[in-house]
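The values are calculated or read from the model by the stated rules, or taken from the named source; none is laboratory data. What you see is a predicted model; the values in this text were computed from it and never measured. Here the Cβ positions follow ideal geometry from the backbone for every residue, glycine too, while neighbour counts run over all protein chains shown.
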Amino acid sequence: MPEELSDDVAQHVDHVDDERISLSEIENVSFPIRMRGYDRDEVDALLAQLAIEARHLLEVQAQLEHDNEAPYLKLGNVAGNILQLARDNADQMTSEGLAQVAAERAAAESDIEELRRRAETEASALKELAERDATAVRKEADRLLAEARVQATAKVLEAETEAADIRQAHQHIRAQTEAEVRALKAEVVDEVKRLKAKAHADYTVMTREAHRDANRVEKEARQRAELLKDEAEAQAAEHVRKARAEVVKLREAEAALRKRVGALQSTLDTLSQDVGKEDVEAGAGSATETSPVDLTDSRRGPS
């Protein structure tokens, strides 16, 4: 902007420095608008006044050149003297007008030179100020950029540290959970095995006792029947009937015992299914695989 202002002022100065200036140039001359320059209205008013005076002088000069001295002489000495005096006055006014125009032109040139000098001074000052401001802005921008980079680096390091801590905590929790699941699974498997073994043992003991009691009762009945064989057929038949009734009761007891064992086996199957579901839910994604519990024997019942 300062360089453009200097070029505009120099252009107008070169235009004014021509040997002659025309009326149209005075009327149409324009100056660029700049801050801290001359008042535009006053400059326009001065140029308008100069144009009016120059037009008037040109009209008078044209009129004088159009007329010649011959007609003046035909009018007589008095009229010729008057016209000659008028012509002299017109020449004097023309000379004075031209002198005034030259003075105004010189003043305008001086003002324009002063304007150019001030414009160059202000442009230089503005350029220097702009350069200082630009340098300060660049330094501030570099400082802010450096601070932003440092902060960004710190944020990235902090985020990476937090991510590493979270991954480590997740791995620890996962390992702990897998260990707890394995331990719980082992406890459940052991408990199922224990219950299965206890049920099988109880079934074996109760079956053995039932057979033993049945054999004992049957043996006693046979012995008693043999001892009472010689007695009356009615008493023997009664004893046999009672013995058979006892056998029926024992078999009913055996059936009830088998039913109880079946209920225990159903309970064991339900526990095994629940344990299997918990193994599937808790062991999803686990690296360690545990062999499933074989409950085939428990479902078949005791041998």
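Structure summary
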item: Residue within segment 153-166 that is under 30 Å from V43 (Cβ atoms), at pLDDT 70 or above and not charged (D, E, K, R) present; result: no
item: Within segment 104-123, tally of residues that are of a type in the set (G, A, S) and modelled with pLDDT of 75 or more; result: 3
item: Contacts under 9 angstrom Cβ, first residue in segment 210-233 being under 20 Å from R251 (Cα atoms) and among the β-branched types (V, I, T), partner at pLDDT 75 or above and assigned to a helix (DSSP H, G or I), 6 or more apart; result: V217/A243; V217/E246; V217/V247; V217/L250
